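Below: one structure, written as structure tokens.
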Amino acid sequence: MRKNILVARRAPAAVIEQLSAQFDVDAVQGETVLTPDELRARLQGKAGAYITGSERITADLLDACPELRVVSTMSVGYNHIDLAACTARRVLVTNTPDVLTETTADFGFALLMATARRMSEGERLLRDGQWKRWSWDYLAGSDIHGATLGILGMGRIGQAIARRGHLGFGMKVIYHNRSRLPADIEGQLGARYVSKDELLREADHLILVLPYSAEAHHCIAAGEIALMKPTATLVNIARGGVVDEDALAAALREHRIAAAGLDVFEGEPKVNPALLTLPNVVLTPHIASATMPTRLAMAQLAADNLVAALTGTVPPTPLNPEILPA
Ligand code: 8YV
């Protein structure tokens, strides 16, 4: 008997075609975003769920959908999924690591450069007819090359950013992470492990790339920002919840740090209004992985994971492989 699956957000046609060849697919159409209640209703009787980083999979939802066996998310981050609850109920969870690493690192670097070199601020002034004359300190920002790059979270994406900073821009790279990298990898990346306080104090540019978790919630708040240089920039491509946005907005307003670049927001797609009016913050709508080749690769990997898991083979990138049969 064909299994029923839900594709909870519009997906590439090729993916729907591939899934439809094996399963009965209930695919959400257009730009619809399911509410939690709608997600619960649409998951009834479904063995598989193809989701994105926005659909929350909670213990309550799993209990309400006992036929659900596999959750495949088209994202590397999986803080929207209660993994422990899934594992306890023997629901297999997969994500899409690796395929987005370089694209996301490119974007992190682009956001860092746009922020440090005040690109959005300059474009806004130009478009508003406010570009009148040259003056020596007009839109003067801070240098990238030769500066100290601080990385909080040294996973795959953090390492790809370190490589860009070290090899491409001659930056001094320091990082803080739950665990230290092996010495040979540190050597290749030119990266030095430091305490979180040292990272905050020494970085000219601090980029947040750590996974979101309860411990990471607001790990950059007023106290942490107070340790940073007044000339520093802060870039967040992790999850909005790692930064206390009110504290950040206050620091930017009072020029206690120079600038911030944010691709992720605590209440996204809603953005904290305190950030919207500040000139010294670059704001982008969670697009760090958004190139066509990378999004297609993510969509394909999410589909391959779902097909494998529901047809009894080992999926390429499981998050709780311990529940797979030995
Ligand atoms: C996704 C991301 O675009 O992979 C992640 O964790 O944050 C982004 O690449 C987003 O989560 C939608 O799935």
Requested in this report: Go through the residues of region 176-197 one by one and say whether even a single one is among the polar types (S, T, N, Q), in contact (Cβ under 8 Å) with a residue 40 or more places away in the chain and surrounded by 16 or more Cβ atoms within 10 Å (Cβ to Cβ).
Outcome: no
Query - Residue check, Leu39 among the aliphatic types (A, V, I, L, M) and away from the ligand (no atom under 16 Å from the Cβ) - result: no
Requested in this report: Look through region 51-75, keep the residues that are within 16 Å of the ligand (Cβ to nearest atom) and more than 15 Å from Leu306 (Cβ to Cβ), and return whichever of them is modelled with the highest pLDDT.
Outcome: Arg56
Query raised in the report: Looking at this structure, is Arg10 on the phi > 0 side of the Ramachandran plot, in a loop (DSSP other than H, G, I, E, B) and either among the basic types (Lys, Arg) or within 14 Å of the ligand (Cβ to nearest atom) (or both)?
Result: no
**Report entry** Output for region 158-184, where each listed residue is in contact with a Gly (Cβ under 7 Å, 6 or more places away or on another chain) and among the hydrophobic types (A, V, I, L, M, F, W, C)
**Finding:** Ile161, Met171, Val173, Ile174
Requested in this report: Filter the helices (runs of 4 or more DSSP H) completely within region 220-319 down to those with at least 3 residues that are within 13 Å of the ligand (Cβ to nearest atom).
Outcome: 292-310
Query raised in the report: Residues in region 85-101: is at least one over 22 Å from Ile323 (Cβ atoms), near the ligand (Cβ under 9 Å from one of its atoms) and at pLDDT 95 or above?
Result: yes
Query raised in the report: With respect to Tyr212, is the statement that it is of a type in the set (Ser, Thr, Tyr), in the same structural domain as Val264 (by TED's automatic domain parsing) and touching a residue at least 60 places away in the same chain (Cβ under 8 Å) true?
Result: yes
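The values are calculated or read from the model by the stated rules, or taken from the named source; none is laboratory data. Please read these numbers as outputs of a predicted model, since none were measured by experiment. Glycine gets a Cβ as well: all are built from the backbone with ideal geometry, and neighbour counts include every protein chain shown.
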